[in-house]
Structure formats: C-alpha cells, structure tokens
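Here the structure comes first, spelled out in structure tokens, and everything after it is commentary.
The values are calculated or read from the model by the stated rules, or taken from the named source; none is laboratory data. Model, not experiment: these values are computed from the prediction. Because the Cβ atoms are built from the backbone with ideal geometry, glycine has one as well, and the counts that use them run over all protein chains shown. Quick note on the areas: whole protein, heavy atoms, side chains included, nothing else; ligands and nucleic acids left out. Shrake-Rupley method; radii C 1.70, N 1.55, O 1.52, S 1.80 Å.
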Amino acid sequence: MNITFLGTGTSQGVPVIACECEVCRSTNLKDHRLRSSILVETANETIVVDTGPDFRQQMLRENVRKIDAVLFTHEHRDHIAGLDDIRAYNFILKNPMDVYAEERVIRALQYEFPYIFAERKYPGIPQINVHLINEQSFSINNLTVIPIRALHYRLPVLGFRFGDFAYITDANHVSDQEKEKLKNLKIFTICALRKKEHISHFTLSAAIALIREIQPETAYLTHISHQMGLHADIQEELPENIFLAYDGLKVEI
Ligand SMILES: [Zn+2]
Ligand SMILES: [Zn+2]
C-alpha cells in the first residue's frame, strides 16, 4: 500500500494569503502546504480521503488517473470544497464516484452541493453513489476500512485505518475505546496544528503524547498551521520516529 500526502496544511493552507510571516515567506517547498488530504493506493484500489479546495491541483500534481472511492472525515469546507472536481473522473471512468461519509456529512454535502443531489440534473455535473458509514468497519472491493471516532471539539469526526496505517485529522480527542483500533500500527498520521492551544485541534505536544500512547512504528503529523514554525526547525525538535508530513510525501507500507 502506498500513501501520498496530497496536502498537509490547515484550513487556510500555507502560505496564508497576504501573510508576511517567515513560514509564509519560506522558499522551502516543505513549508508550502495545501489543504489536508491523502491518497491511499493498493494493488487494486485508489482512495482519496477528503476533497478540499485544492483537490484539482492535487490530482494534477500527482497525476491520479483513477479514483475508486472518496472518504470524508467531516464536513468542514477545507475537507469538502473540491468535490465538484470529481466529475473529471466521472467522464473518464464513466461511473458515478463512490462516496463514503456519515449521515450528517452527507446532509452537509446536500446543502453545499444541492445540484449534485437534484432530482433533475444539469448535464455534466458530478455523479456520486452515497454510502453511509459509521464507526463500523466496511469494505471497498477487497480493502477493509476501519473508521475511528474522534472529536473535533464537539464535532464527531472519523479517522480511518487501512491495514497497518491510520489517518486522523481535525481532532483533539480520541476515546480509550477508539484507541483500541489503533493498536499495532506501522504508520500513524495525526493532526498537529501548532504549539499553542487550540479549541478543536491537537497541539504539537498533545499529538506527541497521543503517539507515545499508541506506539506506532512511525508517526506523521499533518493539518499544520503557519503558526507551527518552519518545517526544518520543528522537525529538529521531534522524537526520532515522528515526522512532520509535507505535501507530496509518499510512504510505502
Ligand atoms: Zn481541517
Ligand atoms: Zn475541521
């Protein structure tokens, strides 16, 4: 299985429009972060987790020729705004896109993209097949997906485990019960917004504490704000099996 970090930035992306801070002015490409999303590729399946506002750019950059399914973690704009662009795959693959999300997230998609769900559809709009999910495991062809419940302040969100890889973004709490699903991971990806407290995201120290508890072989941090600091500086401070993810990073598992 191959994982590609399509984007590793928080909701505004990095650089932030019109920001003059040293991170936003950095010429290190590892400091340039599109909105958070990953691509999961197995021998047979290609899956995208979240379609943020940078989805089109991410698909072009990584030259993604097919997608079998889109999974949504939650309905915030920075995770769903690019859904319209899945129509490119409808045209090429001549199939509706399989979309997996919780009922509340589907309702938000209906509100944000009413034309996709209209009775009488305008030609050329995205076509999707909705699959309702909850905390129970499900399969996409031969791939088992284990949803992991987390809290994004008060909003319940889903992370996903595929084999020995798990991805949780936009969260600041995982219950002990759900941590059971994170045992024996080779790679764990968790959000870490910045060092300073935030109401709905893990801070760097909270993310490290969770990683120490879960004990994966390796961990990557994502959904990073320009307030975190320069990639190179922060990476220096991290324990040896914890890495800041960056856009375009590929890991094999
Ligand atoms: Zn987000
Ligand atoms: Zn969010």
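Looking only at residues in the range 152-173 that are more than 14 Å from I3 (Cβ to Cβ), open to solvent by less than 10 Å² (accessible area, probe 1.4 Å) and not in a strand (DSSP E or B), which one is farthest from ligand 1 (Cβ to nearest atom)? Per the stated criteria, the residue is A171.
Report yes if Q235 is within 16 Å of ligand 1 (Cβ to nearest atom) and assigned to a helix (DSSP H, G or I), otherwise no. Criteria not met by Q235. The number of residues in the range 218-244 being open to solvent by less than 60 Å² (accessible area, probe 1.4 Å) and acidic (D, E) comes to 0. Does the range 71-82 contain at least one residue that is more than 16 Å from ligand 1 (Cβ to nearest atom) and at pLDDT 95 or above? No, that holds for no residue. Contact map, the range 22-36: first residue under 15 Å from D54 (Cβ atoms), second residue open to solvent by 80 Å² or more (accessible area, probe 1.4 Å) and polar (S, T, N, Q), Cβ cut-off under 9 Å, separation 6 or more or different chains; pairs are L34/Q57; R35/Q12. When V99, V64, V105 are screened for being assigned to a strand (DSSP E or B), of a type outside the set (F, W, Y) and out of contact with any Lys or Arg (no Cβ under 9 Å at 6 or more places or on another chain), only V99 passes. When each of R77, R65 is tested for being within 16 Å of ligand 2 (Cβ to nearest atom) and either over 22 Å from P147 (Cβ atoms) or surrounded by fewer than 18 Cβ atoms within 10 Å (Cβ to Cβ) (or both), the lone residue that passes is R77. Please verify whether A192 is within 15 Å of ligand 2 (Cβ to nearest atom), surrounded by 21 or more Cβ atoms within 10 Å (Cβ to Cβ) and more than 22 Å from L34 (Cα to Cα), treating the condition exactly as stated. No: the conditions fail for A192. Scan the range 120-134 and give yes if some residue there is more than 16 Å from ligand 1 (Cβ to nearest atom), at positive phi and either within 14 Å of the chain's Cα centre (by Cα) or not β-branched (V, I, T) (or both), otherwise no. Within the range 120-134 (the criterion being more than 16 Å from ligand 1 (Cβ to nearest atom), at positive phi and either within 14 Å of the chain's Cα centre (by Cα) or not β-branched (V, I, T) (or both)), the answer is yes, since at least one residue qualifies. Which pairs do you get when a residue that is without any contact (Cβ under 8 Å) to a residue 24 or more places away in the chain, found in the range 114-136, comes within reach of a residue that is β-branched (V, I, T), reach meaning Cβ atoms under 6 angstrom, with the pair 6+ apart or on two chains? Taking only residues 6 or more apart or on different chains, the pairs are Y115/I125. Say whether the condition of being closer than 17 Å to I38 by Cα and crowded, with 20+ Cβ neighbours inside 10 Å is met by at least one residue in the range 202-217. Scanning the range 202-217, I find no residue that is closer than 17 Å to I38 by Cα and crowded, with 20+ Cβ neighbours inside 10 Å, so the answer is no. Tallying residues that are among the polar types (S, T, N, Q) and crowded, with 17+ Cβ neighbours inside 10 Å within the range 12-29 yields 1. Evaluating E217 against the criteria (1) touching an Asp or Glu at 6+ places or on another chain (Cβ under 8 Å); (2) at pLDDT 95 or above leaves one unmet condition, (1).
Here V49 clears all of (1) within 16 Å of ligand 2 (Cβ to nearest atom); (2) open to solvent by 70 Å² or more (accessible area, probe 1.4 Å) except the condition numbered (2). For the range 42-49, indicate whether the set of residues that are outside any helix (DSSP H, G or I), within 12 Å of ligand 1 (Cβ to nearest atom), of a type in the set (S, T, N, Q) and under 20 Å from A101 (Cβ atoms) is non-empty. No, the range 42-49 has no match at all. Within the option set F117, F165, being more than 16 Å from ligand 2 (Cβ to nearest atom) and within 17 Å of the chain's Cα centre (by Cα) holds for one residue only, F165. Among the candidates I199, I190, single out the residue that is in contact with a helix residue (DSSP H, G or I) (Cβ under 8 Å, 6 or more places away or on another chain) and either in a strand (DSSP E or B) or β-branched (V, I, T) (or both). It is I190.
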